[in-house]
Amino acid sequence: MSTESPALVFELDESTGALKVTFTPAPALAASAAPIAADGPIVIEDDAAAAGMPFVEPPTMLSCKEAMAEQGYGALWIDQEALSGFIRAVQQAKEPTTMTIAHRRDGEFSLTVSDDLMTATLTLIPPQGGEAKGPAVIDAMREQRIVHGILQSELDAALAAGVCEKLVIARGEWPVEGSPCYFTSLIEDDTEDEEEEEEAEDVEEGDEALDDRFSIIKFRDLGFLLLVNPGDHLMRRTPPVAGVPGIDIQGNPVPARPMHEIRFNEKIVGAEPDPEDPHLLVATVSGQPVVLKDGVTVNPVVEVENVDFSTGNIDFNGTITIKGDVKAGMVLKVSGDVIVKGLVEAAEIHAGGNVSVTGGIIGHVASQASTLSTAATQPFATARVICEGSLQALFVESAYIQAGGSVLIKGNARQSEMYSGTQIVVGKGGGAKIGQIVGGKTHATNLIHACYAGTSSGTKTDLQVGSDPFLATQLAASEATYKRKLEEIDQVIKLLAFLKQNPAKAAGGMGEKAEATRRRLLGESKALFEEQTALKEKLVSIDQARIKVTKGIYEGVEVRIGKNLWAVPNDLGAGTIQIKNGTISLG
């Protein structure tokens, strides 16, 4: 098909869709025509015009496009480079010039389905003189089985417009997640009391409320020992709620994450589910509750006059109250708290909870424990108290103390080794010459607080903060166990690979047993990894560690914060010792 003008002829090839244009100059003027610019007027010599010779002005880019539009070819895709070459070629052409300057193009589309089959997106490129791809889009959707969640209005609008980019035209329904099984402790929390104790450090030394707060009876009354009675509510179990499955765009179900059923811990003692409410755990005996992640154990409370040769050594699960003393040479091991109304002599106490000594803890100077690593091998001649919770006593002398929580000494600490996973506070009782740390070694993770450190006679006294005294050992043991588990998993994986290649060897359930072992080891290694992560999170920044001395620190005291060591050069006054600009500073 062709359309002609006086000088331009357009011809469309129906089979290929290519558009050709031909420009025919006036042959009589071609030789005499003056040089012309692409868009400028043609200057004709007077004698040529006078002679009445015909003249045809060469087309410009604009006039050529206008001619295309007028003659019905404006929708075609124009090859700009070819059109520019054509315009340049015809400016001084003497012969007809023909070039292909445009093409007919059909529309294009791209239909993308996400990997999870939850969305389909459409990109439409409009046609340029060709056919739109609307019907092909519908066919492609059928081929990819997109049958659910079609956004019909968005799809219709895009097909009508003939153009869109990454438009979501189908969206699946995500599953509604359920809620997991969880346990809620119904036992009163003593966190507020612990926060009040921390705030008490900033109260002035002479304040009577400060003394009362750190008195032994007050400390116990505020929740140092929590007891329950039979029938008391301990923990509420909330069953899991299953989720609602979803549907992908192909109509397939999308299952919700399974919610596992978790029962109360079967190993707990002193508690059981309420017969009328199986999701409620109640106490069956009087005692001290120990909250677990999936239950509560109630340790019974035992009360004795003294721990001596009449009772013998004591070892049981529970909490014990001693109305009198723990005599020299005795060993007391309990899983709960130890409450001593009298003295602890050169005896040994191991407690899974807290230790409260109304009197003091006193051993023999000659047998004082020397280091944390050798403390377990020391003879009974020294007083040794090891607890996982906090320790509180009136005074400590020639003793070895190890507490996972705080160590609170109302009076003085002399020639003793004291280790705490949090803080050691000596001398909150006030009064002259009260609150002294003299000799021995005092090591706390975060804080050491005392009225005096050392003596005027220069007694060697070691103070250390900024590192957990127990963490390194725990972390190393956990990492070693984790490494062994990984080695065992590697061996089991090799065994499974061998059985897969040799099916006859897997007879008798060998393959199932190996797979069960692999899963068990994976679970154990995951628990160990989580344990290591928790231990590493307990690492204390030395920038936060400090030693507070409210009255004086003496020559002979050695201070260690992290790896930094400072020997006190002479008697100094009150202040706070901490790391500043990378060095130990007293301020």
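The values are calculated or read from the model by the stated rules, or taken from the named source; none is laboratory data. Not measured: the values here are computed from a predicted model. Neighbour counts run over all protein chains shown; Cβ positions are idealised from the backbone, glycine included. Keep in mind that these areas ignore ligands, DNA and RNA; they rest on the heavy atoms of the full protein, side chains included. Shrake-Rupley method; radii C 1.70, N 1.55, O 1.52, S 1.80 Å.
Couple of notes before you dig in:
- Any pair with Cβ under 6 angstrom, 6 or more apart, that starts in the stretch 99-115 at a residue that is of a type in the set (Asp, Glu) and ends at one that is open to solvent by less than 60 Å² (accessible area, probe 1.4 Å): Asp106/Pro127; Asp106/Gly130
- The lone criterion from (1) closer than 15 Å to Val559 by Cα; (2) of a type in the set (A, V, I, L, M); (3) touching an Asp or Glu at 6+ places or on another chain (Cβ under 8 Å) left unmet by Ala413 is number (1).
- Count of the stretch 149-189 residues which are of a type in the set (Lys, Arg) and open to solvent by less than 40 Å² (accessible area, probe 1.4 Å): 0
- Test: residue in the stretch 506-525 that is part of a strand (DSSP E or B) and either of a type in the set (Gly, Ala, Ser) or in contact with a helix residue (DSSP H, G or I) (Cβ under 9 Å, 6 or more places away or on another chain) (or both): no
- From the options Glu488, Glu558, Glu512, Glu530, residue that is open to solvent by 60 Å² or more (accessible area, probe 1.4 Å) and under 30 Å from Glu417 (Cβ atoms): Glu558
- Qualifying residue in the stretch 252-266 (condition: open to solvent by less than 40 Å² (accessible area, probe 1.4 Å), in contact (Cβ under 8 Å) with a residue 12 or more places away in the chain and over 30 Å from the mean Cα position of the chain (by Cα)): no
- Residue count for the stretch 228-273, restricted to those that are in contact with a His (Cβ under 8 Å, 6 or more places away or on another chain) and farther than 30 Å from Leu111 by Cβ: 6
- Single match in Gly359, Gly336, Gly352 (criterion: closer than 30 Å to Leu292 by Cα and either modelled with pLDDT of 90 or more or open to solvent by 50 Å² or more (accessible area, probe 1.4 Å) (or both)): Gly352
- Looking only at residues in the stretch 48-103 that are part of a loop (DSSP other than H, G, I, E, B) and β-branched (Val, Ile, Thr), the one that is modelled with the highest pLDDT is Thr60.
- Test: residue in the stretch 304-323 that is on the phi > 0 side of the Ramachandran plot and buried (at least 17 other Cβ atoms within 10 Å of the Cβ): yes
- Members of the stretch 112-146 found to be touching a helix residue (DSSP H, G or I) at 6+ places or on another chain (Cβ under 7 Å) and of a type in the set (Val, Ile, Thr), listed by number: Val137
- For the condition touching a strand residue (DSSP E or B) at 6+ places or on another chain (Cβ under 8 Å) and either surrounded by fewer than 23 Cβ atoms within 10 Å (Cβ to Cβ) or within 21 Å of Asn570 (Cα to Cα) (or both), Thr455 qualifies.
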